[in-house]
Amino acid sequence: MKNSQNEPTLKVGLIGCGGRGRGALDNVLDAAPNVQVTALADMFPDRIALARKNLTAKPGFKVTDENCFTGFDAYKRLLDSGVDYVAMCQPPGFRPLHFEAAVEAGKHCFLEKPVAVDPVGCRRVIAAGEKAKEKKLGVIPGTQSRHSRRFIETVKRIHDGQIGEVLEGYIFFNTGYLWEYERKPEQSDMEWQIRNWYYFDWLSGDHIVEQHVHQIDATDWVMKSHPIQAVAVGGRQMRVEPLYGNIYDHFAVDFEYPGGAHVFSMCRQWKGQGVGGFIAAWYVGSKGTAYLHHPSKEKAGSITGQNPWKYEGDETPSTVQEHRDLIESIRAGKPINEARRIAETTLTSILGREAAYTGKVVKWDELMKSDLDLSPAKYEFGPNPVRPVRVPGKNA
Amino acid sequence: MTKPLSRRDFVKTGSAATAAFVASVPLVHAAGQDKTISVGVIGCGGRGRGATEDIMNAAEALKPAANLRVVALGDMFKSGIDGTRRQHREKALFKVTDENAFVGLDAYKKVLDAGVDLVVLATPPGFRPIHFAAAIEAGKHVFFEKPVAVDPVGVRKVMEYGKKAAEKKLGVVTGTQRRHEKCYLEMMKRINDGAIGEVVAGRAYWNGGGVWAPHARQEGQDDVSYQIRNWYYYDWLCGDHIVEQHVHNVDVMNWALKGHPLRAVAVGGRQSRTAPEFGHIWDHFAVDFEYPNSVHVLSMCRHWNNTPGNVSEALVGTKGRAMSTSGRCSIDGAEKWRSDPQQRNPYVQEHMDLLESIREGKPLNEAQQIAESTLVAIMGREAAYTGKAISWDEILNSNLSLMPEKLELGPLPVRPIPVPGKPR
């Protein structure tokens, strides 16, 4: 990094002080010199308090009481607090709204993935991304694999033809359960849903969108395109209690890409006796196979076949690297803007979800034009009925 | 240049050699002789009635025509027998008398004792291993519908009796009719000849809307009778739809990849067809089957009403892709090929192939092949039911048996719907 010691201090505000938000602050402070965290926003005061407690010892963490904001409009006040760079780690359902406001306010943005939960949200992110471009604002999403040397080097070789024509891909995100948040008697629907956000479609977009987007994004990268269409299965077979809202616990999607290549995606959040996890991504070509992700260290970042190769470089934590890349680009006056790209790969994840939810063959171009909007009638604490769990073939 | 001998040539030229074992093998005789082949049908539901029609049509289509008669029927319910007799009573080859129509759980034994040479086994799949073993013990040629079992214990029994059938020179053909369908045979020949290069991936689909609606429970009907009547929706009878239907597509994968998968990882559940009358089977599965050499097959099957269907397979090679569905196969890539739309009904062809092989003294024996394909489907089901990665060796040696310990009419509680990670 050239001359960055002399750069003006970059003031960072965080919207959404949950686990990922606290991690993102840690990452951004490690990413570059002359970076300060100056403001926090969250729906709930206890989340702010936890973030301050966890990060207080970190040099560069300079958050005062005056710059801590809570409630539905906390993001607006944070944007008015003199920050230059906003890390957005709120539940994904809020991302389009907050991103629009941040661009309006002229802030550089780090957007956690996914950036929306529905096509309407994806289009809002694309539009705001275009405005950000006009304003020369940097926008980078938290799909950290795009900033991992291992991924970059492997994908570069795929694009150079080392595995020939890419014929078929396989992506897996089979994990256990995450966290859950039990409802307290005094909590309104809205408060409980936001605290337990993972399990509500309008907040998380379901786990295929919230988590599996990493590999779906990598796949669109490898394929240099989004898919044409998807056919899927999915359901809720294990995690069926009301605590788990209205999302599914498993999906399997057959994504069809231009030229006839198919990518088989499987993701599940299942636990119990003998239930195995599996996180992997690989692509089979006419001359070999490239592994991006794999539980086997020998396979992760490797190519087999006619042009065998293994990535031997370091494994820079890409959650730090992504901030470093964004900050460097801002300081160089050539801000990266990946808003469209992440909105499109978010839509690819939504494509898989909707193919399962409806049972239909869903086309990417049609979905991009869809009016599907999961956002609630009102952003306020109070009643917010949970939509029924989706049943394929019904009301589709 | 010497042409390799066809099966027919071999029989012609090898008549002296074949004569040695003719006596011990039913129905083997020189061409032109006109020994009657008596057929018994065990399981007279829709498929049993269809197979009865198909084997009669096959006999007539052979040149010379086979002297075949359908002479005995067995079913759990009288309605199945009556329906079959009604449907086929006008047909010349259908000669079932009242004395040779048997009802009940032991009807199969009576059919086997009724002087038949060949049996069609078309009961719910859960019974297949028992009926197959009894048929081979009794020295009958067998046409048995797919799948041939619902659990590994049943699969092993079919493998065992398949070997006995070979020793006894009995013909065994199964209802995976794609193996006898012209367009599939031509496609596989082209793939074997390198038309798509090395096969590096496959996909198999049975996305459909489901099968027949459950029958209402009759007053006083016991659990076992009710479940057999509604057999599709009970694991011990049907094996779940991944086994009962999707076995067709899985079988095509085994065929193309010349073996079976080593490992399966799956998802699945019951999301659309949830009412209690649909028993305890699931309505969707998706399986990642890993074959040798890191070749993976995407398998997807679902019974989701009001959604678009797709029953097909795809094979992906380094030089092209092959796509197949009943009646239509194609290859694109370095070589372009479209199958001839004219072909014989494969449901008739499979019986012709069986009858011809018996006639020629070289009976086909597909027992091991269909037992393996059935086991692949079971492996996918169990990977989904349990959430575990299931290896071939694990499923092949598994003690899982879904058949009630003592099969008799009476109470039979329905096992809970499978939940991954929870022992059933």
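Derivation of every value follows stated rules applied to the coordinates shown; laboratory data play no part. Quantities reported herein were computed from a predicted structural model and do not represent experimental measurements. Here Cβ is always computed from backbone atoms with ideal geometry, including for glycine, and neighbour counts include all displayed protein chains.
May I ask you to derive the relative contact order of chain A, considering only C-alpha pairs under 8 Å and at least 6 residues apart, and to give it as an integer percent?
On the way: 884 pairs, mean separation 81.2, N = 396.
It rounds to 21 percent for chain A.
Charge tally for B:R415 (other residues, Cβ to Cβ under 15 Å; Lys, Arg +1; Asp, Glu -1): -2.
Among A:F99, B:F102, sorting on how many other beta-carbon atoms sit within 10 Å of each Cβ, with the fewest leading, yields B:F102, A:F99. One Cα centroid belongs to the stretch A:239-288, the other to the stretch A:315-363; the line between them spans 18 Å.
Which FRET efficiency, nearest 0.05, do B:E394 and A:K271 yield, Cβ-Cβ r, R0 30 Å? Don't jump to the answer; show the numbers that get you there.
On the way: r = 21 Å, r/R0 = 0.69.
Taking R0 as 30 Å, the efficiency between B:E394 and A:K271 is 0.90.
What is the Cα centroid distance between the stretch A:3-78 and the stretch B:322-337, reported in whole angstrom? If you average the Cα positions of each part, the centres end up 58 Å apart.
So if the hydrodynamic radius of the stretch B:124-212 is defined as the Kirkwood radius over C-alpha pairs, what does Stokes-Einstein give as its diffusion coefficient at 20 °C and 1.002 mPa s, in µm² per second? Mind showing how you got there, number by number?
Values: Rh = 15.4 Å.
In µm²/s, the coefficient is 139.
For the stretch B:160-238, which GluC sites (Glu not before Pro) are both in a DSSP coil and crowded by at most 15 other Cβ atoms within 10 Å?
On the way: sites: B:E160, B:E167, B:E181, B:E186, B:E198, B:E219; in loops: B:E181, B:E198, B:E219.
Those that pass, being in a loop and sparsely packed, are B:E198, B:E219.
Under Stokes-Einstein, with the Kirkwood radius over Cα pairs standing in for Rh, what whole-number D in µm²/s applies to the protein assembly as shown at 37 °C and 0.692 mPa s? Answer, rounded: 112 µm²/s.
Modelled spin labels at B:E186 and B:L407, positioned 7 Å past Cα toward Cβ, are 4.1 nm from each other. Once you reduce the stretch B:161-224 and the stretch B:248-280 to the center of their Cα atoms, the two points are 13 Å from each other. Neighbour counting of Cβ atoms within 10 Å sorts the residues A:V275, B:V376, fewest neighbours leading, into A:V275, B:V376. Remark: spin-label model distance B:R344-B:R328 equals 2.4 nm, labels positioned 7 Å along the Cα→Cβ axis. Most mobile of A:G13, A:G235, A:G82 per a Gaussian network model of chain A (Cα springs, under 10 Å)? Top of the fluctuation ranking is A:G82.
State the percent of C-alpha pairs, over all pairs in chain A, separated by a distance greater than 40 angstrom.
Values: 10239 of 78210 pairs.
Tail of the P(r) past 40 Å holds 13 percent of the pairs.
Mind checking which of B:Q245, B:Q342, B:Q368 has the largest fluctuation in a GNM of chain B, springs on alpha carbons under 10 Å? Sorting by GNM fluctuation, first place goes to B:Q342. For the stretch B:333-424, the set of GluC sites (Glu not before Pro) satisfying both a DSSP loop assignment and a count of at most 13 other C-beta atoms within 10 Å is given as B:E405, B:E408. When chain B is treated as a GNM with alpha-carbon contacts under 10 Å, the residue of B:K157, B:K189, B:K146 showing the greatest mean-square fluctuation is B:K189.
Legend: calculated FRET efficiency, B:T274 to A:E298, from the Cβ-Cβ distance at R0 = 30 Å, rounded to 0.05, equals 0.10.
For a 4.7 Å threshold on C-beta separation, the list of partnerless cysteines in chain B reads B:C44, B:C238, B:C301.
List B:V172, B:V199 from most exposed to least, where exposure is judged by having the fewest other Cβ atoms within 10 Å. Intermediate results must be reported in sequence, preceding the final value.
Details: B:V172 28, B:V199 21.
Lowest to highest Cβ neighbour count: B:V199, B:V172.
Eigen-decomposition of the gyration tensor built on the alpha-carbon atoms of the stretch A:150-217 gives equivalent ellipsoid semi-axes of 40, 10, 10 angstrom, largest listed first.
Hydrophobic, long helices, defined as DSSP H runs whose alpha-carbon span along the helix axis is 20 Å or greater and whose mean Kyte-Doolittle value is at least -1.0, occur in chain B at B:46-61, B:152-167, B:367-386.
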